[in-house]
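Below: one structure, written as structure tokens.
Please treat every number below as a calculation from the coordinates, not as lab data. Nothing here was measured: the structure is a model prediction, and the numbers come from that model. Virtual Cβ from ideal backbone geometry, glycine too; neighbours counted across all protein chains shown.
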Amino acid sequence: MPEADSRKLIQQALELGINFLDTANVYSDGHSEEIVGRAIKDFAKRDDIVLATKVFSRMRPGANGAGLSRKVILSEIDHSLRRLGTEYIDLYQIHRWDDSTPIEETLDALNDVVRAGKARYIGASSMFAWQFTKAVYTSGEGGLLWVCLMFRVPWSSSGAPGAPTALAFGRSFIVPGSW
């Protein structure tokens, strides 16, 4: 979608009271974050917006161009902040499970992102309930501020399949209307 059309949709959403904007570093090779960032600057007060983005997918060639290693997370948070034109992200989500990186390494890097003030909360998107459970258990009681679990499955008559897992941990969840 051209930027002008995207901006009109974002402006209309903001005018209607929507304040949660979610993107990802990989959407349109980072251009989605740039568009969202410019729209927030032009149409909203940053403090009135809940801004979410995600990390995982390939952004550049090479071993450190994708995934959830410490190196990738610490690099990609800075790229996302620059593209979004903001000093912090409200909800920084791991976009997928990374079988190549120990979850402990991922969680440690995310914890450092939160402690550095670059993100307020962390979440997880598009993973199985057992993976989210493992991440929450690994992070421990006093660990990370897991706030959200987003499932990449449409809502059905039986509800959100991962909702019981999120609720069991006292977490919120996002179920997109359609993908």
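How high is the relative contact order of region 4-149, given as a whole-number percent (alpha carbon pairs under 8 Å, six or more residues apart)?
Details: 222 pairs, mean separation 29.1, N = 146.
Normalised by residue count, the contact order of region 4-149 is 20 percent.
Taken over region 1-120, lysine pairs spaced eight or more positions apart, or on distinct chains, with alpha carbons under 25 Å apart number 10. Of the residues L68, V36, V50, the one whose Cα sits farthest towards the positive end of the charge dipole of region 18-101 is L68 (charges of +1 on Lys and Arg Cβ, -1 on Asp and Glu Cβ, taken about the Cα centre).
Given 0.36 nm per residue, what is the gain on full extension from K8 to R82 after removing their alpha carbon distance, in nm?
On the way: separation 74, 0.36 × 74 = 26.64 nm, distance 2.23 nm.
Difference between extended and current length: 24.4 nm.
Sequence-ordered 3J(HN,Hα) estimates for region 117-123 from the Karplus curve with 6.51, -1.76 and 1.60 and θ = phi - 60° stand at x, 7, 9, 8, 9, 10, x Hz, glycine and proline given as x. Annotation for region 1-100: GluC sites (Glu not before Pro) lying in DSSP loop with at most 10 further Cβ atoms inside 10 Å of their Cβ are E87. Three principal axis extents describe the C-alpha atoms of region 30-88; from largest down they are 38, 18, 13 Å. Between R115 and R58, the simple label model (points 7 Å from Cα in the Cβ direction) yields a spacing of 3.3 nm. Distant-in-sequence amide contacts of D22, defined by a placed amide H-H separation under 5 Å and a gap of 5 or more residues or a different chain, comprise A52.
Computed from backbone phi with θ = phi - 60° and the Karplus coefficients 6.51, -1.76 and 1.60, the 3J(HN,Hα) list for region 15-21 is 5, 7, x, 6, 10, 9, 10 Hz; x is used for glycine and proline.
Taking 7 Å steps out from each Cα toward its Cβ at S75 and F20 produces label points 3.2 nm apart. Amide H contacts of Q93 (H built 1.01 Å from N, in plane; Pro and chain starts excluded): T53, K54, V55, G123 sit under 5 Å, all sequence-distant by 5 or more or on other chains.
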